[in-house]
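All remarks here apply to the structure that follows.
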Amino acid sequence: MMAVPTISSSEVPDFCCWEDGWATRDTTEYESSSREVIADDEGARTDEMDSYLGDVVRKSGDEEEEEGVLYIGGIFELTNNPHSASPRSELDAALLAIRHVNEQRIVPGYRLHLVYNDSKCDAGVGTDVFYDMIYRMPPGRRITMVMGSSCTEVSKTLAEIAPYWNLVLISYGETSPALGDREKYKTFFRLALADSALVPARRMFIRNFGWKTVAVLYEDNEMFSLAMNDIGEDLGIHNISVAASLSFKDATVEIKEKLQEIKEMDLRVIIAAFAESTARQVFCEAYHEKLTGPRYVWLLVGSFSYPWWLDAQGTRCTAEQLTKALDGCFAVGSLNTLLGGETSVANLTSAEFKQAYIDNNGSNPMSFFAATTYDTVWTIALTLRAVVTQRRQSSQPLTPLTPLHEMNYSDLEEIRDMYLNIIENMHFLGVSGPVSFKGSDREGISVIYQLQDGNSSRVAIHYPGSTELDFSCDECYQIVWQGGRIPATERQK
């Protein structure tokens, strides 16, 4: 068993992070006016400050006498979220899921309470937040499982330390290939499809049109570098040449030179990976350099909120120019929905989930990871349901088992192994599509999207294990080629 690290009270940060910033903690009492938005036990918002960890640790014990409470740690990017224009969206989806799980009494004899905090997309802050949840909970209350985060460095740090407390960490938005290392990240899972899982679909798309030479252009950070390495290796194995591999750190300074290199080499198929804010800079410059339109194919890597291109702030383009530059470009992503009006385990179709999110004042625009966040809570709930049921069935009258909510972190080693086994063998329909796992990674359906007249249109689907794309899928649109023909590289003319 791994030894649980100890930490003195002087080492525990005397603050708690809320969505509107840092607050000095008074560990005895808070003034109710100091913060205005937290969540009650069912995920609804309230104006009372009756918790010092962000959400549902209630001072009244009446409800807890009727049912046990299992506390779920939630680490979100409520500020400095690079993946969403609406940083609270993922938290709103989690709170909605907590409410639905409790209303449907999914975990026998228990309610789930979400204890959340803000990592600010900073590994140091995320670690402090995690320790805060471990060491600052009121006596007798402990975190059962943890969900988060969507920032790679935060996720990597948490995934390394969580096993010391026998805790399982499930990310709703982490896509970096680095987190697929099961030996290093022993209790980590993710609901977002890993970038590496999308590699076959990208390659099949390129091969489908006979393109044999591409350029890759990416923002120089660990996540995009790893993704591009995987893509480059896969293309090479399948005899597709990467004629130029160009990276940059500051798009405002470097991108014009990189685009000119692509133009001089007459490369027409460009695989591009960068954050949403950077994408605006890149496509604005590509518009002015005339590297968009019918002679070029752009294939984007990464997750973007819709419609991110309408915000031209910080660029020298208008929203109309960005829309024109992006028209016809492609992206490969996870399905992130249910097909054909299927109903999820929560008894919601994907459309009904979106409506429920809106009806419960979910932040707008909805994050790309809102659906996977919702399904992360359901993954936790279904795991706990299975564990509680199995333990009740195996309990003997003369040797009753310690209730799950009364177990110490050191007692959770056996339970942790149960969690891992249940999740690894789990299959259910979520609002983001079918949910199952292979190791730490979700097995999911990949989708090719094309931006057509300002709309992100599904044009093909790739199912796990398939050797080709399905261009005739339900709800798929025909590809629209500008100028009426498929672009080609100079070598293929």
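Remarks
- Where a residue in the stretch 239-267 is of a type in the set (D, E) and its partner, wherever it lies, is surrounded by fewer than 18 Cβ atoms within 10 Å (Cβ to Cβ) and outside any loop (DSSP other than H, G, I, E, B), with Cβ under 7 Å and at least six apart: E261/A244; D266/E490
- Strands (runs of 3 or more DSSP E) lying entirely in the stretch 170-254 (those with 2 or more residues that are within 19 Å of V297 (Cα to Cα)): 213-219, 241-248
- K249 among the basic types (K, R), under 18 Å from I262 (Cβ atoms) and open to solvent by 10 Å² or more (accessible area, probe 1.4 Å): yes
- Summed over the stretch 73-87, residues that are crowded, with 19+ Cβ neighbours inside 10 Å and either part of a strand (DSSP E or B) or at positive phi (or both) total 4.
- Here N221 meets each of (1) surrounded by fewer than 20 Cβ atoms within 10 Å (Cβ to Cβ); (2) at pLDDT 90 or above with one exception, condition (2).
- So I380, is it open to solvent by less than 20 Å² (accessible area, probe 1.4 Å), touching a helix residue (DSSP H, G or I) at 6+ places or on another chain (Cβ under 7 Å), part of a helix (DSSP H, G or I) and within 29 Å of G180 (Cα to Cα): no
- Which listed residue, of N408, N425, is surrounded by fewer than 12 Cβ atoms within 10 Å (Cβ to Cβ), closer than 28 Å to I461 by Cα and not charged (D, E, K, R): N425
- In the set R105, R88, only one residue is of a type in the set (K, R) and under 14 Å from the mean Cα position of the chain (by Cα); that residue is R88.
- The stretch 139-155, residues that are outside any loop (DSSP other than H, G, I, E, B) and open to solvent by less than 30 Å² (accessible area, probe 1.4 Å): I143, T144, M145, V146, M147, T152, V154, S155
- Taking the criterion of being within 12 Å of G328 (Cβ to Cβ) and touching a helix residue (DSSP H, G or I) at 6+ places or on another chain (Cβ under 9 Å), the only residue of the stretch 439-452 that qualifies is L451.
- Filter pass, L420 being touching a Phe, Trp or Tyr at 6+ places or on another chain (Cβ under 7 Å) and open to solvent by 10 Å² or more (accessible area, probe 1.4 Å): no
- Among the residues listed as G236, G173, G180, the single one being within 24 Å of the chain's Cα centre (by Cα) and surrounded by fewer than 21 Cβ atoms within 10 Å (Cβ to Cβ): G180
- Residue within the stretch 310-317 that is in contact with a strand residue (DSSP E or B) (Cβ under 6 Å, 6 or more places away or on another chain) and touching a residue at least 40 places away in the same chain (Cβ under 8 Å) present: no
- Annotation note: of R111, R99, the sole residue that is in contact with a strand residue (DSSP E or B) (Cβ under 7 Å, 6 or more places away or on another chain) and either in a helix (DSSP H, G or I) or not hydroxyl-bearing (S, T, Y) (or both) is R111.
- Listed by first and then second residue, the pairs with beta-carbon distance under 9 Å, at least 6 apart or on different chains, first residue in the stretch 457-480 and hydroxyl-bearing (S, T, Y) and modelled with pLDDT of 90 or more, second open to solvent by less than 30 Å² (accessible area, probe 1.4 Å) and assigned to a loop (DSSP other than H, G, I, E, B), are Y463/I445.
- Residues satisfying the stated conditions in the stretch 432-456, i.e. without any contact (Cβ under 8 Å) to a residue 12 or more places away in the chain and of a type in the set (S, T, N, Q): S436, N455
The values are calculated or read from the model by the stated rules, or taken from the named source; none is laboratory data. A quick note: this is a predicted structure, and the numbers were derived from the prediction, not measured. Positions of Cβ are backbone-derived with ideal geometry, glycine not excepted, and every protein chain shown enters the neighbour counts. Surface areas here come from the heavy atoms of the whole protein model, side chains and all, with no ligands, DNA or RNA. Shrake-Rupley method; radii C 1.70, N 1.55, O 1.52, S 1.80 Å.
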